[in-house]
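The values are calculated or read from the model by the stated rules, or taken from the named source; none is laboratory data. On a predicted model such as this, the values are computed, not experimentally measured, just so you know. No Cβ is skipped: glycine too gets one built from the backbone with ideal geometry, and neighbour counts run over all protein chains shown. SASA here: full protein model, heavy atoms, side chains in, ligands and nucleic acids out. Shrake-Rupley method; radii C 1.70, N 1.55, O 1.52, S 1.80 Å.
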Amino acid sequence: MSATDAAARREELVALYKEVSNCTKCPLHETRTKAVFGAGNADADLMFVGEAPGAEEDRQGLPFVGRAGQLLNELLVEIGLSREDVFICNVLKSRPPNNRDPLPTEIAACEPYLFEQVRLIEPRVVCTLGNFATKLLTGNPTGITRVRGTPQTHQLGGRTVFMLPLFHPAAALRTPAVKEQLRGDFATIPALLEKTLPEPLPSAAEIAVETASEDPEPPPADQLGFFGGTAG
Ligand code: URA
């Protein structure tokens, strides 16, 4: 990827940041203090997606700046990374009142921003933190306890990425055994970042074009007439 491409993607990301800051697509804009776009390296290979801003995130306009964020920072340091190396954001960009679960309508309103962030940042690995991010981005309703720690391959933002479902750091703060599992799953991230991504699968339209161009037989003249040809 050339420097110019990276600069153009960054510019688009700044425009998206402005759009999200002024977003009124769902009622959460009425109760939020600040929208939380996400923060970090706009060209990161590694992206984390949490659930929604909490009270401190809402105040500062930054993701994962409370206790869960401190744990995230510690776990990053343990694998030789810092927040400046990665991009961190959430499924919802506005805080749900009293930290209640995101509603399907709120997720539907906000998800285009997340997909656009993935398209512009071009990560190789996306770690989903907790059930909401995992179910949305894998497109699978299986709970986090069953899928965490096993990488999946997905098409996201027009590219192939490895997705690694992880426990949410807030759950890890509540339960020491979950924290140890999260720590163990974090330890697999450096190898995943080095792993070669599979080639993207061709789309149905691409397969159709390829098949058509490989057809050795021209259609019979009487069939051309059906398509407005001038046969005969
Ligand atoms: N929990 C989240 O899911 N996101 C944050 O930004 C903070 C806490």
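Some notes on this structure:
- Net lengthening on full extension, His29/Thr105 (0.36 nm per residue, minus Cα-Cα): 26.0 nm
- Residues whose amide H falls under 5 Å from that of Phe48, counting only those 5 or more places apart or on a different chain, are Phe87, Ile88, Cys89, Cys127, with hydrogens built in the peptide plane.
- Kirkwood hydrodynamic radius over Cα pairs of the chain, then Stokes diffusion coefficient at 25 °C and 0.890 mPa s, in µm²/s: 126
- For region 1-98, the alpha carbon convex hull comes to 94 Å³ per residue, rounded to a whole number.
- Ordering of 159-169, 47-57, 184-194 by burial proxy (mean other Cβ atoms within 10 Å per residue, highest first): 47-57, 159-169, 184-194
- Accessible surface, region 40-128, averaged per residue in Å² (probe 1.4 Å): 38
- Between amide H atoms placed 1.01 Å from N, distances below 5 Å from Met163 occur with Val126, Gln152, Thr153, His154, all of them 5 or more places distant or on a separate chain.
- 222 nm mean residue ellipticity, helices alone, for the chain (DSSP H n ≥ 4; -39,500 (n - 2.57); rounded to 500): -13500 deg cm²/dmol
- Kirkwood-based Rg to Rh ratio, region 69-198, C-alpha trace: 0.93
- Lysine pair count for the chain (Cα-Cα distance under 14 Å; residues 8 or more apart in sequence or on different chains): 4.
- In the calculated pair-distance distribution of region 52-146, the portion above 19 angstrom amounts to 45 percent of the Cα-Cα pairs.
- Taking packing as the residue-averaged number of other Cβ atoms within 10 angstrom, the listed peptides 83-91, 122-130, 170-178 run from highest to lowest as 122-130, 83-91, 170-178.
- With every protein chain in place, region 1-145: carbon and sulfur % of accessible area (1.4 Å): 50
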